[in-house]
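The values are calculated or read from the model by the stated rules, or taken from the named source; none is laboratory data. A quick note: this is a predicted structure, and the numbers were derived from the prediction, not measured. Glycine gets a Cβ as well: all are built from the backbone with ideal geometry, and neighbour counts include every protein chain shown.
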Amino acid sequence: MIGYYVHHQGRGHLHRAGCVARHTAQPVTGLSSLPRPADWRGPWVRLPLDTGGTPRDVEAGGRLHWAPVGHDGYRSRMGMVAEWITRERPSLLVSDVSVEIAGLGRLMGVPVVVAAMRGERLDPAHVLAYDLALGLLAPWPAALPEPGWPEHWYAKTLHAGAFSRHDGRPRLTGAPRSDGRRRVLVMLGAGGDDIDEARLAEARRSAPDWEWTVLGGSAGWSADPWPLLCAADVVVTHAGQNALAECAAARRPAVVIPQDRPFGEQRATGRALAEGGVALVRPDWPAGPLWPGVLSEAVRLGGAGWTRWSHGDGARRAASFLDRLAGPALEEASCVA
């Protein structure tokens with residue numbers, strides 16, 4: 001049994017867990033405050049939220065990221081995970097992503113894999129989680145590594161490349177518009193966006209030759225954005241790992257606008273995309289008059305660069321990685337029994 005902790009912020013962690021769990025040889029139990037997805041095949045442990053109230057001393061003097069003192073939700077959450085570990089004796093625990101869950105699992109004698117994140121991860125809490133991990137799972141290619149890591153982190157990392165629930169899905173061919181307008185799809189993140197309605201409206205006015213469709217934010221989300229992705233002549237997106245993986249699966253030209261996130265995660269991802277010539281990266285939302293040129297530049301760059309970001313089989317590679325790391329733990333458990 002493999003345990004897979006899924007953080008409740010945004011949709012990326014959940015989609016990534018679902019992709020990997022479909023391919024593992026061992027059963028996978030999800031551990032999360034999110035509801036159990038309809039297509040999740042294994043058990044699911046619904047955890048209480050650890051937010052609300054007035055959290056105190058959440059970083060434990062800078063050594064952790066979220067361990068609020070005296071918080072009932074946090075205490076219950078960690079207790080449920082500990083109870084599950086004691087009862088199920090998992091062979092491996094994946095943390096995607098929580099330093100505290102990774103630490104709890106390892107303290108209870110369970111090998112841990114941590115989902116790696118780009119950005120400034122040399123703070124004491126990240127160093128603790130990455131150091132204690134048996135393996136690191138990086139959803140980006142080895143050809144575009146995160147710079148500045150200690151060598152022992154690289155040595156235990158699987159660079160799976162980006163992977164998406166849409167990998168392997170036939171790419172649809174959208175019918176051209178009768179009026180000749182091209183299509184731009186704007187994907188806003190579920191974890192919070194810096195783009196407001198006024199800037200979207202200004203972009204539409206400045207590029208009237210384009211048909212604009214927005215997903216996320218106040219526009220709502222689509223359970224299956226694949227047809228819109230495939231039909232888009234350009235996708236405009238933030239630099240969250242899941243959004244980029246979906247663009248990569250569709251191989252669509254993209255304008256990537258990193259947003260401010262903790263530890264500079266999206267800024268670091270944007271730098272990697274720009275260095276690899278994968279997509280057109282802009283540091284900020286362009287002013288209205290710039291949009292026609294930006295969209296034309298993205299079309300010229302095309303979508304072929306996504307092949308450098310996504311191998312197309314990243315979820316299978318990640319699943320094999322987890323099965324392989326869980327194997328020694330299973331063997332040791334059987335010897336003890």
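Data for the structure
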item	result
Criterion: closer than 28 Å to A279 by Cα and among the small types (G, A, S) - qualifying residue of A138, A125	A138
Failed condition for G189, given (1) surrounded by 19 or more Cβ atoms within 10 Å (Cβ to Cβ); (2) touching a helix residue (DSSP H, G or I) at 6+ places or on another chain (Cβ under 6 Å); (3) among the small types (G, A, S); (4) at pLDDT below 95	(2)
Which listed residue is outside any strand (DSSP E or B), touching a residue at least 40 places away in the same chain (Cβ under 8 Å), touching a helix residue (DSSP H, G or I) at 6+ places or on another chain (Cβ under 9 Å) and among the hydrophobic types (A, V, I, L, M, F, W, C), from L49, L34, L104	L49
Of the criteria (1) over 18 Å from F163 (Cβ atoms); (2) of a type in the set (A, V, I, L, M); (3) at pLDDT 95 or above, which one L325 fails	(1)
Restricting segment 301-325 to residues that are in a loop (DSSP other than H, G, I, E, B) and over 20 Å from the mean Cα position of the chain (by Cα), the residue that is surrounded by the most Cβ atoms within 10 Å (Cβ to Cβ)	G303
Residue match in segment 193-204 (condition: within 19 Å of L295 (Cα to Cα) and in contact with an Asp or Glu (Cβ under 6 Å, 6 or more places away or on another chain))	no
Matching residues in segment 58-73 - criterion: being surrounded by 12 or more Cβ atoms within 10 Å (Cβ to Cβ) and closer than 21 Å to F263 by Cβ	V58, E59, A60, R63, L64, H65, W66, A67, P68
Qualifying residue in segment 217-240 (condition: touching a residue at least 24 places away in the same chain (Cβ under 8 Å) and under 23 Å from W149 (Cβ atoms))	yes
Condition check for P55: touching a Pro at 6+ places or on another chain (Cβ under 7 Å) and either of a type in the set (A, V, I, L, M, F, W, C) or at pLDDT below 95 (or both)	yes
